[in-house]
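The values are calculated or read from the model by the stated rules, or taken from the named source; none is laboratory data. For clarity, every value in this text was computed on a predicted model and none was experimentally measured. Backbone-built Cβ (ideal geometry, glycine too); neighbour counts: all protein chains shown.
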Amino acid sequence: MLKIESLSFSYGKTKVLDDVTLSIPDRAVFGLLGPNGAGKTTLISILSGLRRPAAGRVEGDSRNIGLVPQELAFYPMLTARENLRFFGGVQNLGGARLRERLEAVVAFARLDGVLDRRAAELSGGLKRRLNLAIGLLTEPDLVLLDEPTVGVDPQSRAFLLESIGAMRSPARHILYTSHYMEEVQAICDHVAIIDAGRVLAAGPLAAVLGGAASLEEVFLGLTNRRLRD
Amino acid sequence: MRRLAALWAKEWLALSRDLHGLAVLFLMPAAFIAIMSLALSDTFGDRMRVDFAVLGPDAARIASDLEGDGFRAAAAPANEAAARDAVRQGKLSLVLLAGPRPVVLADPALPQPQVLAFRMRALAVTLGARPADLAQAIEVEAVGMPRGRLSSVQQSVPAWLIFGMFFLVLPMSSLFIVERRDGTLARLVAQGVPFPLILAGKIAPYFLINLAQAGLMLLVGRSVVPWLGGEALALPARWDLLLLAAACTSVAALGWGLLVAAGARTLEQATVIGGVGNILAAALGGIMVPRFVMPQAMQRWAELSPMAWALDAFHAVMLREGAGAALAPACLKLLALGAALLAAAFWLHRRRGV
């Protein structure tokens, strides 16, 4: 169980996270939902160690974190293979272990036919898959997926969702953010809805859904329809 | 070490595929060296040739005595009016009107030192001496100069090499900004790669590139410039000191590159700050215009430019054949600047985060 307790964070005088408390069970795919500016990316930044919270703490035994950011965070001028080797190398993977992990993530993300193509030349779906594969190189026990399906075609999205579902393992926590409610409803077993840095609802998917027909209905009911940007 | 090796390999690969960056680092200074060595060859007297004529009594003998050291006698105009026309039209640079009160007609475009040199020769001839004999009377020895004098290639190679070395700011900061913009830097930090290690991953490859630039620019001065018709660069006796001068220059350039990389928010900002900063430092520091032609006040201002310090270090090795102590002041200033800029880059990064 990964526990986030009373987490707060501000950018100057603007409070971005306000007393956020969440529990992410083992083996769960945890959906984190919120409108733009709700604090999702800041929460991921804190969980990945990029920012320090003003208050609160994160409890759990996750030391090996795999971050799959919203941006395509790799080197476009390098080939897919060079990117994977580089990100493996900077995480201290080498020799047989690097080869083994490289083969595993390539097979997982189905990148085998494009390994020697420059990342800049890959299609949107392949870039997303490379982004995901890099995040999984070290077999992380906490996977942070920040909108991993943005800008891909339906086939690639379906593949990515299946892959994320297949990442479940007993000792792994997966935190997934997306604006696509149907995606979250399809692959997450726990969800939290946050807005303006506060948790509006959290728990198992069925409990958050209550009697509502869709997660979108619950989301709009809690966060209202006011445009955020 | 494995992590550092991965960072180095990535930096090499990225730079080797950045054609614009490579052009800025290697082609630009090489082109400047070739062009400026040839363009300034007359100013430095490498191959000075000034055509003159003599009018008046005994003109043929006087013209013959005046010839030499770059002054070449041309056919004399028919009379003074024709001589003035020839000078006005740029056909002749100098005309000596010989007689009881000799007069030199000079092309206003001719540098003053050449006019003065001709006047001194004319004075010697008027007094019955031959300039060639007078020159032998007093020998000039340029102390430490391997070829006896400062030539345009001797000035241009270190100057434009230094300029090129400082231009690592562009490829270095470009990749860093792209890494920050695309979230790659955040990903590396999230994966536990310490920021100092990320910087170390950039420093070593660019240090080696700076040294490669130095080697290549010396080769350009030695081989390409003479092939184009200029003088060949005279190489120094102390290669170890030359390496030291290049290394100290590189430390300052690396500090500058990392500061711009950490401070600039966009590629445009990095290009403007890095590029304009370099051009100003070069203009001030005697890269574009040699410091000895600057007025005294400007020469004092030039001391503020790190490129002037670097040029002092290179000149100490390449022109004066100085020992290590001769390089020390310039090298210490460059190293101190590099350390200060690196500290500023760290501070900016900590303040801003990834």
field: All positions within segment A:112-125 that are within 19 Å of A:Leu67 (Cα to Cα) and modelled with pLDDT of 90 or more
entry: A:Ala119
- prompt: Is there a residue in segment A:174-183 that is more than 14 Å from every other protein chain (Cβ to nearest Cβ), on the phi < 0 side of the Ramachandran plot and among the acidic types (Asp, Glu)?
  reply: yes
field: Residues (in contact with a strand residue (DSSP E or B) (Cβ under 7 Å, 6 or more places away or on another chain), closer than 25 Å to A:Pro170 by Cα and assigned to a helix (DSSP H, G or I)) located in segment A:42-55
entry: A:Leu43, A:Ile44, A:Ile46, A:Leu47
field: Residue within segment A:63-83 that is of a type in the set (Gly, Ala, Ser) and free of Cβ contacts under 8 Å to residues at least 40 places away in the same chain present
entry: no
message: Here's a check for you: in segment A:118-164, which residue that is within 24 Å of B:Gln191 (Cβ to Cβ) and of a type in the set (Lys, Arg) is surrounded by the fewest Cβ atoms within 10 Å (Cβ to Cβ)?
response: A:Arg118
field: Flag if B:Leu66 is away from chain A (no Cβ under 14 Å), surrounded by 14 or more Cβ atoms within 10 Å (Cβ to Cβ) and either within 30 Å of B:Gly99 (Cβ to Cβ) or at pLDDT below 90 (or both)
entry: yes
query: Which of the residues belonging to segment A:62-85 are at the interface with chain B (Cβ under 7 Å from one of its Cβ atoms) and either surrounded by fewer than 24 Cβ atoms within 10 Å (Cβ to Cβ) or assigned to a loop (DSSP other than H, G, I, E, B) (or both)?
result: A:Ile65, A:Pro69, A:Glu71, A:Leu72, A:Ala73, A:Phe74, A:Tyr75, A:Met77, A:Leu78, A:Glu82
statement: In segment A:89-103, anything within 8 Å of chain B (Cβ to nearest Cβ) and either within 21 Å of the chain's Cα centre (by Cα) or not in a loop (DSSP other than H, G, I, E, B) (or both) is listed as A:Gly89, A:Val90, A:Gln91
statement: Picking from B:Gly148, B:Gly201, B:Gly144, B:Gly192, the residue that is surrounded by fewer than 22 Cβ atoms within 10 Å (Cβ to Cβ), under 30 Å from A:Leu137 (Cα atoms), modelled with pLDDT under 85 and of a type outside the set (S, T, N, Q) would be B:Gly192
- prompt: Hey, any hits in segment B:250-266 for a residue that's in contact (Cβ under 8 Å) with a residue 24 or more places away in the chain and in contact with a strand residue (DSSP E or B) (Cβ under 9 Å, 6 or more places away or on another chain)?
  reply: no
statement: Checked against (1) assigned to a helix (DSSP H, G or I); (2) modelled with pLDDT under 85; (3) out of contact with any helix residue (DSSP H, G or I) (no Cβ under 8 Å at 6 or more places or on another chain), A:Arg168 satisfies every condition except (1)
- request: Check A:Val58 against each of (1) part of a strand (DSSP E or B); (2) away from every other protein chain (no Cβ under 14 Å); (3) without any contact (Cβ under 8 Å) to a residue 60 or more places away in the chain; (4) not polar (S, T, N, Q) and name the one condition it does not meet.
  value: (2)
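Condition check ((1) within 14 Å of chain A (Cβ to nearest Cβ); (2) part of a helix (DSSP H, G or I); (3) out of contact with any helix residue (DSSP H, G or I) (no Cβ under 7 Å at 6 or more places or on another chain); (4) not basic (Lys, Arg)) across all residues:
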{"residue": "B:Ala23", "(1), (2), (3), (4)": "no, yes, yes, yes"}
{"residue": "B:Ser37", "(1), (2), (3), (4)": "no, yes, no, yes"}
{"residue": "B:Ser41", "(1), (2), (3), (4)": "no, no, no, yes"}
{"residue": "B:Val87", "(1), (2), (3), (4)": "no, yes, yes, yes"}
message: Against the definition (surrounded by 18 or more Cβ atoms within 10 Å (Cβ to Cβ), of a type in the set (Ser, Thr, Tyr) and in contact with a Phe, Trp or Tyr (Cβ under 9 Å, 6 or more places away or on another chain)), how does B:Ser305 come out, yes or no?
response: no
task: Can you tell me which residue among B:Leu235, B:Leu197, B:Leu185, B:Leu175 is at negative phi, of a type in the set (A, V, I, L, M) and away from chain A (no Cβ under 14 Å)?
output: B:Leu235
message: Yes or no: segment A:135-146 includes at least one residue that is within 14 Å of chain B (Cβ to nearest Cβ) and part of a helix (DSSP H, G or I).
response: yes
- request: Would you mind telling me which numbered condition in (1) part of a loop (DSSP other than H, G, I, E, B); (2) within 15 Å of the chain's Cα centre (by Cα); (3) away from chain B (no Cβ under 14 Å) A:Gly37 fails?
  value: (2)
